[in-house]
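Participant: So that we are looking at the same thing, I have put the structure below in structure tokens.
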Amino acid sequence: MIAGFGFTNISVERKNPVKGKVEIKYNLNINDIEEEKLPLLGPGKISLRMDFKYSVDYEPKIGSVKIAGNMIYVTDSEAGKKLLSEWKKNKRLGNEEVAAVIFNTALTRCNIRALALSQDVGLPPHLPLPKAIPKGSAKSYIG
């Protein structure tokens, strides 16, 4: 369960005008995992602080969005210690279900923030946005 989420650093920059073909690359990395002591946590539970970095790069040298933050993940003590041990050994989240929750939470929050920030400085959206298509248009056919 995600018990907390926050951003620690946000930057957005447009270096050059948007012209021609734009290649957009985005990335999300977990940088560190540490036990985080929460005073109200019940017995048999552990909380882990997971630090992450997210980036969207617009190429060729058009701009970027960089976001750093952390989230608090709460689980039972045994599973949490296993995750922490796997991280310290291999710098990996060993449990695929937990990894999916962590990455999906970070991606959802970061993508929304990055979308707003990129619009503020005149960069194109890095994700496809839904569009209204007139009824009867050839593009509206689903078959």
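Participant: Being over 18 Å from the mean Cα position of the chain (by Cα), of a type in the set (Asp, Glu) and in a strand (DSSP E or B) is the requirement here; does GLU13 meet it? Spell out how you get there, then give the answer.
Facilitator: Numbers: over 18 Å from the mean Cα position of the chain (by Cα): yes; of a type in the set (Asp, Glu): yes; in a strand (DSSP E or B): yes.
Yes: the conditions hold for GLU13.
Participant: Let me ask something else about it. Determine whether the range 30-39 contains at least one residue that is touching a helix residue (DSSP H, G or I) at 6+ places or on another chain (Cβ under 9 Å) and in a loop (DSSP other than H, G, I, E, B).
Facilitator: At the first step, the residues of the range 30-39 found to be touching a helix residue (DSSP H, G or I) at 6+ places or on another chain (Cβ under 9 Å) are 30, 32-35.
Next cut, in a loop (DSSP other than H, G, I, E, B) only: none.
There is no residue in the range 30-39 that is touching a helix residue (DSSP H, G or I) at 6+ places or on another chain (Cβ under 9 Å) and in a loop (DSSP other than H, G, I, E, B).
Participant: Just checking, does the range 126-137 include any residue being surrounded by 14 or more Cβ atoms within 10 Å (Cβ to Cβ) and either out of contact with any strand residue (DSSP E or B) (no Cβ under 9 Å at 6 or more places or on another chain) or modelled with pLDDT under 95 (or both)? Walk me through it before giving the result.
Facilitator: Taking the range 126-137 as the starting set, the residues that turn out to be surrounded by 14 or more Cβ atoms within 10 Å (Cβ to Cβ) are 126.
Narrowing further to those that are either out of contact with any strand residue (DSSP E or B) (no Cβ under 9 Å at 6 or more places or on another chain) or modelled with pLDDT under 95 (or both): 126.
So far as the range 126-137 goes, yes, one or more of its residues are surrounded by 14 or more Cβ atoms within 10 Å (Cβ to Cβ) and either out of contact with any strand residue (DSSP E or B) (no Cβ under 9 Å at 6 or more places or on another chain) or modelled with pLDDT under 95 (or both).
Participant: Follow-up. Among the numbered conditions (1) open to solvent by 30 Å² or more (accessible area, probe 1.4 Å); (2) farther than 26 Å from HIS126 by Cα, tell me where LEU93 comes up short.
Facilitator: Among (1) open to solvent by 30 Å² or more (accessible area, probe 1.4 Å); (2) farther than 26 Å from HIS126 by Cα, LEU93 violates only (1).
Participant: For the range 67-80, which positions are over 16 Å from PHE52 (Cβ atoms), hydroxyl-bearing (Ser, Thr, Tyr) and either open to solvent by less than 20 Å² (accessible area, probe 1.4 Å) or in a strand (DSSP E or B) (or both)? Write out each step before concluding.
Facilitator: Applying the first criterion (over 16 Å from PHE52 (Cβ atoms)) to the range 67-80 yields 74-80.
Filter again for hydroxyl-bearing (Ser, Thr, Tyr), leaving 75, 77.
Within the range 67-80, THR75 is the sole residue that qualifies.
Participant: Among the residues of the range 32-39, is any under 21 Å from THR105 (Cα atoms) and open to solvent by less than 20 Å² (accessible area, probe 1.4 Å)?
Facilitator: Within the range 32-39 (the criterion being under 21 Å from THR105 (Cα atoms) and open to solvent by less than 20 Å² (accessible area, probe 1.4 Å)), the answer is yes, since at least one residue qualifies.
Participant: Check whether at least one residue in the range 2-16 is exposed (fewer than 12 other Cβ atoms within 10 Å of the Cβ) and over 18 Å from VAL121 (Cα atoms), and report yes or no.
Facilitator: Yes, because at least one residue in the range 2-16 is exposed (fewer than 12 other Cβ atoms within 10 Å of the Cβ) and over 18 Å from VAL121 (Cα atoms).
Okay, residues lined up against (1) surrounded by fewer than 17 Cβ atoms within 10 Å (Cβ to Cβ); (2) in contact (Cβ under 8 Å) with a residue 24 or more places away in the chain; (3) part of a strand (DSSP E or B):
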position: PHE52; (1), (2), (3): no, yes, yes
position: SER55; (1), (2), (3): no, yes, yes
position: VAL65; (1), (2), (3): no, yes, yes
position: LYS82; (1), (2), (3): yes, no, no
position: TRP87; (1), (2), (3): no, yes, no
position: ILE102; (1), (2), (3): no, yes, no
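The values are calculated or read from the model by the stated rules, or taken from the named source; none is laboratory data. All values reported here derive from a predicted model rather than from experimental measurement. Virtual Cβ from ideal backbone geometry, glycine too; neighbours counted across all protein chains shown. Ligands, DNA and RNA are stripped out before the accessible areas are found, and what is left, the full protein with its side chains, is counted by its heavy atoms. Shrake-Rupley method; radii C 1.70, N 1.55, O 1.52, S 1.80 Å.
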